[in-house]
Amino acid sequence: MKKSSLTAMVLGTVSGVLFALGICMALIPEWEAFVPGIICGCVGLLLGIITLVVWRKMEHKEPIHISGRTIFIAVLGIVGSLVLGAGMCLSMVWGQMVVGIVLGVVGIAVLLSLIPVIKGIKE
């Protein structure tokens, strides 16, 4: 295993755990830890961004260039994730199974559309 892969794996895991724990702290009312949860989530998010920058530097890759295509891909991923999550909430929390399943399948389709958008279609 390369040093850059190990570093990215460790930093990515720590940032993911901090982010997830922060979101749980903020969204579970029984914990009564909204403000510390927001802080913990932001630290996890910041560490995730730092992980990306450190890994790209260790791999000697050029920085990510922000273009219209990059923004479109990010927005498409965010929308797909939100639609899939809304479908899951409708199915599991609010008991609207059919609508939730349909919305979840639409979210999965949007997320799957990211593959040809990013990689392109080749013959």
So the helices (runs of 4 or more DSSP H) completely within the stretch 55-123 holding 1 or more residues that are at pLDDT 90 or above and farther than 26 Å from T13 by Cβ are 68-92, 97-112
Residue pairs within 6 Å by beta carbon, gap of at least six or interchain, first lying in the stretch 41-64 and more than 26 Å from L21 (Cα to Cα) and among the charged types (D, E, K, R), second surrounded by 14 or more Cβ atoms within 10 Å (Cβ to Cβ) and at pLDDT below 90, listed first then second, are E59/S4
Any chance the stretch 75-92 includes a residue that's more than 14 Å from the chain's Cα centre (by Cα), surrounded by 13 or more Cβ atoms within 10 Å (Cβ to Cβ) and among the β-branched types (V, I, T)?
no
The lone condition I66 fails out of (1) within 23 Å of I115 (Cα to Cα); (2) surrounded by 12 or more Cβ atoms within 10 Å (Cβ to Cβ) is (2)
Note to self: Just checking, does the stretch 43-53 include any residue being farther than 30 Å from K3 by Cα, at pLDDT 90 or above and not in a loop (DSSP other than H, G, I, E, B)?
What the structure shows: no
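The values are calculated or read from the model by the stated rules, or taken from the named source; none is laboratory data. Since we're looking at a predicted model, the values are computed, not measured. FYI the Cβ positions are ideal-geometry reconstructions off the backbone, even for glycines, and counts take in every protein chain you see.
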